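Worksheet for the structure shown next.
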Amino acid sequence: MSKEIKTIAVLTSGGDAPGMNAAIRAVVRKAIKNGVSVKGIKRGYAGLLNEEFIDMGPSSVSDIIQRGGTILGTARCLEFKQPEVQKEGADICRKHGIDGIVVIGGDGSYRGAQALSRNGINTVGLPGTIDLDIACTDYTIGFDTAINTAMDAIDKIRDTSTSHERCSIVEVMGRNAGYIALWCGIANGAEDILLPENYDYDEQRIINNIIAGRKRGKQHHLIINAEGIGHSTSMAKRIEAATGIETRATILGYMQRGGSPTCKDRVYASIMGAKAADILCEGKTNRIVAYRNGQFVDYDIEEALSMQKDLDPYTVEVSNII
Ligand code: ADP
Ligand code: F6P
């Protein structure tokens, strides 16, 4: 029989993502509507270990749905990988009367949630990352904002690249995944899209492409390079030396992780946050909320972490053709 849930907590962990605030707001308001109190935990698992809790009433989350970042702060807390530290985290929850925690983050954060669940604290994860690299879900909180931010920035780079008849390499985030690069590559009409999942390191092919484009009268050549491949600056130097065409590298960096969330990120994060609160309030544990085939669903963490996903082959094919 599941235990009675009186108080839950919410934390954000790993890299922040636009829409995390919308998710926090929904967790707080839905849990309170369900008759359950909510505490916020500052700075992810580090804040849990330091007992950094705040009481969260409905008005504590006013005026945040439109704000990027996370009002709770986030952290990477490597010591939370240790079993004795995880047990300490669960004991701290019990000391503060916390029956369950919503963990907003990526795969690493879910392993922390899994450990808390094993130690008797109910947990549910929400997919919060701009990278879209969580296998069980077609959507992650922040990806939509990040690709729109990057797309706008790349449009601007393309303008000046065309005026100067240059080649531009733009490096986008995504850790080892190429989702941001693939989406921006298509949306920005890039001539080359370099994805960690299938990059063959054949720089000569890119060089030939640039020279052929210039012969056809192209005034720019835009290459989107994924962070997982990296080395954009040295690549630009080699391409300039081989083609004789001025080549510049721009690493978009952290701007992709900030800013006001898009409508989609606000709405999806709100629905997912509310669902996470409902799951915990029902006394369930060790779950992850996901968006799959057009539906909001939830999975067991174990099952979710064992799933694999890859770039959609047809999307990659389209990106190469157009
Ligand atoms: P993400 O959650 O975005 O994948 P990280 O991999 O950096 O980001 O993980 C975020 C945090 O989750 C880590 O700093 C740590 O506190 C916790 N974490 C990561 N891996 C584990 C693990 N194997 N066991 C317990 N906690 C973990
Ligand atoms: O996971 C989000 C992300 O921005 C990745 O795209 C990137 O590789 C990483 O976080 C950077 O992390 P940090 O904030 O530790 O530099």
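Both numbers refer to the Cα atoms of the chain; Rg and Dmax are 21.8, 72 Å. Considering only G125, T162, T140, the residue lying farthest towards the positive end of the dipole of the stretch 116-204 is G125, judged by Cα position with unit charges set on Cβ.
What number comes out for the charge environment of R257, summing +1 per Lys or Arg and -1 per Asp or Glu over other residues with Cβ under 11 Å away? Don't skip to the answer; put the middle values down first.
On the way: positive: none; negative: D16, D131.
With Lys, Arg at +1 and Asp, Glu at -1, the neighbours total -2.
Would you please put 41-47, 287-293 in order of how densely packed they are, using the mean number of other Cβ atoms within 10 angstrom per residue and starting with the highest? Numbers along the way, then the final one.
Details: 41-47: 24.1, 287-293: 20.1.
The peptides rank, most packed first, as 41-47, 287-293.
For A135, project a label point 7 Å along Cα to C-beta. Then give me every residue of the stretch 286-303 with its amide nitrogen under 19 Å of that point. Zone members listed by number: 286-293, 297-303. Shape descriptor for the stretch 1-129: Rg over Rh equals 0.93 (Cα atoms; Rh from the Kirkwood inverse mean 1/r). Compactness of the stretch 55-121 is given as radius of gyration and Dmax, 13.7, 38 Å, from Cα positions.
For Y139, Y314, Y179, the sequence from fewest to most other C-beta atoms within 10 Å is Y314, Y139, Y179. Were the residues from R205 through C263 laid out at 0.36 nm apart, the gain over their Cα-Cα distance would be 17.0 nm. Peptides 248-258, 262-272 ranked from most to least packed, by the mean per-residue count of other Cβ atoms within 10 Å: 262-272, 248-258. Phi angles across the stretch 86-100 convert, under the Karplus curve 6.51 cos²θ - 1.76 cosθ + 1.60 with θ = phi - 60°, into 3J(HN,Hα) values of 5, 5, 4, x, 5, 5, 5, 4, 4, 4, 9, x, 8, 8, x Hz, Gly and Pro given as x.
Assuming R0 = 25 Å, can you tell me the calculated FRET efficiency for the pair E51 and E282, based on Cβ-Cβ distance, to the nearest 0.05? Kindly include the intermediate steps, with their values, before the conclusion.
Numbers: r = 27 Å, r/R0 = 1.08.
Result of the calculation: an efficiency of 0.40.
The slack between Q219 and E302, meaning 0.36 nm per residue of separation minus the straight C-alpha distance, is 24.8 nm.
Taking a 21 Å limit on the Cα-Cα distance, which of the listed pairs K42/K87; K6/K275; K6/K95; K30/K264; K264/K284; K6/K284 fall beyond it?
Pairs exceeding the cut-off: K264/K284.
Here, each number is a calculation from the coordinates, and none is a lab measurement. Model, not experiment: these values are computed from the prediction. In this analysis, Cβ positions are derived from the backbone assuming ideal geometry, glycine residues included, and neighbour counts consider all displayed protein chains.
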